[in-house]
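Chemist: Starting off with a structure, shown below.
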Amino acid sequence: MAVPAFASCARAASGLLRPLNILASSAYRNCAKNACLRSALSPQHFSHIQTSAVSSAPRLITSVRNLTYGHSAAILNRVTPLLPNVLKLPVRTVTYVSSRKGKRKTVKAVIYRFLRLHSGLWLRRKAGYKKKLWKKTTARKRRLREFVFCNKTQSKLLDKMTTSFWKRRNWYADDPYQKYHDRTNLRV
């Protein structure tokens, strides 16, 4: 009677220890590569990312994935989203020098979301004007549909994100913003 109980315990223990055994053997085989992985993820390598204009996070993640193979790669793929937010830096996607012509490029998200008046003011919709409308009152939806001006800091930033092509004066037929393009009796 003790033999079947011992056999069932051994089977259960082997089922628990098998993944650890595979992981340990793959870690033993890749000990040099795992050491490289640990050195690649050390905080010393992330110190230069704070000052760089272009994020090197995608290259770092792909190089980390190339370092491992076998079962440890699957574990690393599960752990990669849990890495600190150092890998996901907010970047303003301005291209200072394009690869084809060597010119500065406009951020297309600015053009789609904002309207620039000739006076230098920028118009935008209020935040959340098309989100979760089912739970907003009619008056609140009407207020959210209004256009508002960006402040001075935002306008300067948006001017930096666009080229001179988008700052020229346009003459449209039946332009609803025609009377707002020129500011009178107001200092900019």
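Chemist: Would you kindly derive the ³J(HN,Hα) couplings of segment 111-128 from the backbone phi angles with the Karplus curve 6.51 cos²θ - 1.76 cosθ + 1.60 (θ = phi - 60°), listing them in order in whole Hz, with x for Gly and Pro?
Modeler: 5, 6, 9, 10, 10, 9, 7, 5, 6, x, 7, 10, 9, 8, 7, 6, 5, x
Chemist: Sticking with this structure for a sec: With the cut-off at 1.5 for a/c, could you classify segment 132-182 from its C-alpha gyration tensor as rounded, prolate or oblate?
Modeler: It is oblate, given that a/c is not under 1.5 and a/b is not larger than b/c.
Chemist: Largest first, what is the accessible-area ranking of Lys105, Lys179 with a 1.4 Å probe?
Modeler: Lys179, Lys105
Chemist: Pop the C-beta distance of Arg168 and Arg104 into the FRET formula with R0 = 22 Å and round what comes out to the nearest 0.05.
Modeler: Given R0 = 22 Å and the Cβ-Cβ separation, E is 0.90.
Chemist: Among the lysines, which have Cα under 24 Å from the Cα of Lys135 when same-chain residues fewer than 8 positions away are ignored?
Modeler: Qualifying lysines at Cα under 24 Å: Lys126.
Chemist: So if R0 is 35 Å, what FRET efficiency would Arg183 and Lys130 give, r being the distance between their Cβ atoms, rounded to the nearest 0.05?
Modeler: 0.75
Chemist: Taking a 1.4 Å probe, which of Trp171, Trp134, Trp122, Trp166 shows the most accessible area, and what order do the others take after it?
Modeler: Largest to smallest exposure gives the sequence Trp134, Trp171, Trp166, Trp122.
The values are calculated or read from the model by the stated rules, or taken from the named source; none is laboratory data. Since the structure is predicted, the reported quantities are computational estimates derived from the model, not experimental observations. Quick reminder, even Gly has a Cβ in these numbers, built from the backbone with ideal geometry, and neighbours come from all protein chains shown. With ligands, DNA and RNA removed, areas are computed over all heavy atoms of the protein, side chains included. Shrake-Rupley method; radii C 1.70, N 1.55, O 1.52, S 1.80 Å.
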